[in-house]
Each structure stands twice: as C-alpha cells, then as structure tokens.
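The values are calculated or read from the model by the stated rules, or taken from the named source; none is laboratory data. All values reported here derive from a predicted model rather than from experimental measurement. Cβ coordinates were reconstructed from backbone atoms using ideal geometry, including for glycine residues, and neighbour counts include every protein chain displayed. Please note that ligands, DNA and RNA were not included when accessible areas were found on the heavy atoms of the full protein model with its side chains. Shrake-Rupley method; radii C 1.70, N 1.55, O 1.52, S 1.80 Å.
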Amino acid sequence: MSGGGGTGADRPVIAIGAGLIAVAAIVFWQSWALRASFGSQTLGPQMMPFLVSLLLLLFGSLTVVAGWKGTFPTREEADWTSVAWITGGLAVMILLIKTAGFVPACALLFASTARAFGSRRALVDVGIGGLMAAVVYLFFVRLLGLSLPSGFTESLF
C-alpha cells in the first residue's frame, strides 16, 4: 500500500483527514453539553474539549490538503501481524479491565504493543507496563481522587 509521493491526489489520506474533521465536529458539538462550572472560574470543563476539537480540525485540514496535493510521504506496506498484536492487546484489556483491574490490563496492553514493535522480552514488557500503569493508577486515584477499575492488584495500593 504505497501512496503519496507527489503522484496526484492520495484518496486514503484525504479520507483520514475528513475523518479527523468529522471527529472534530462531534467533539465540538458534544462540548456544548458540558455545563459544569467551578465557582467563578472563567475557563470551565468545556475548554479542553474545545481545544481538542480545534486541533483535530487543524490537523484534519492539513491532512486533507496534503492528500489533495499528493505531498504525503510514501507509505510502507502494512504489517498485519503488528496490527493483530495491538488489536489483540486492546481486546484483552477491554475483557480484563473490570475483573482483573486497571494495572494488569494495561500491563498486558503495553506488552502486546511492545511485541508489535519488535520486542521479544514479554516478561520485562509486562513488568514495565505494570509499573507504568501502577504509577498512572496511583496518580489518578490517590492524588486526583478519581476512580479507575480496580482488581486484585489495585487492592495492594
């Protein structure tokens, strides 16, 4: 699947840019539903989704222009084995996050993604992913007071 490289319009790139613009419109539209405020603050919870929608609109527009001009870099062939590792990791995370908890689910997702990028050290990758997930879990739960799915490992914290 090569494309781009200055050979006319690159339709897949244009489609991706149009998709980003569509997501920007949905995020912008849904931001209006956020009506919570924090006292007398000028900037409320709507600010971040609006910012995200504007950035999506910008990058989507730039992507469409690059696709239209055919200036997008030539792509390599798709590595479907890597896509399968990442997709499988996401599926495992979705299946395990409510039962096993946030930390083990994220650790397995990290390890499968590392495998997709060529790592062959599964146990090391699970350990690194688990450590990173534990730091994120503690930050959100202990410091910010938010809740994340908890399982057997989170009860240790």
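Among the residues of the range 121-154, those identified as free of Cβ contacts under 8 Å to residues at least 24 places away in the same chain and within 17 Å of Leu95 (Cβ to Cβ) are Val126, Gly129.
When you scan the range 60-157 for helices (runs of 4 or more DSSP H) that lie fully inside it, which ones turn up with 1 or more residues that are under 18 Å from the mean Cα position of the chain (by Cα) and among the polar types (S, T, N, Q)?
Hits in the range 60-157: 80-96, 102-116.
The number of residues in the range 98-126 being polar (S, T, N, Q) and crowded, with 20+ Cβ neighbours inside 10 Å comes to 1. If you go through the range 63-87 and keep only what is more than 16 Å from Ile16 (Cβ to Cβ) and in contact with a Ser or Thr (Cβ under 6 Å, 6 or more places away or on another chain), you end up with Trp85, Ile86.
Please find, among Leu156, Leu95, Leu62, the residue that is at pLDDT below 85 and either open to solvent by 40 Å² or more (accessible area, probe 1.4 Å) or over 26 Å from Trp29 (Cβ atoms) (or both).
The match here is Leu156.
Pairs meeting the criteria (first residue in the range 93-118 and among the aromatic types (Phe, Trp, Tyr), second residue modelled with pLDDT of 95 or more, beta carbons under 6 Å, at least 6 apart or on different chains) are Phe110/Gly129. Residue by residue through the range 6-32, note down the ones that are in a loop (DSSP other than H, G, I, E, B) and either buried (at least 17 other Cβ atoms within 10 Å of the Cβ) or of a type in the set (Val, Ile, Thr) (or both). Residues satisfying the conditions are Thr7, Asp10.
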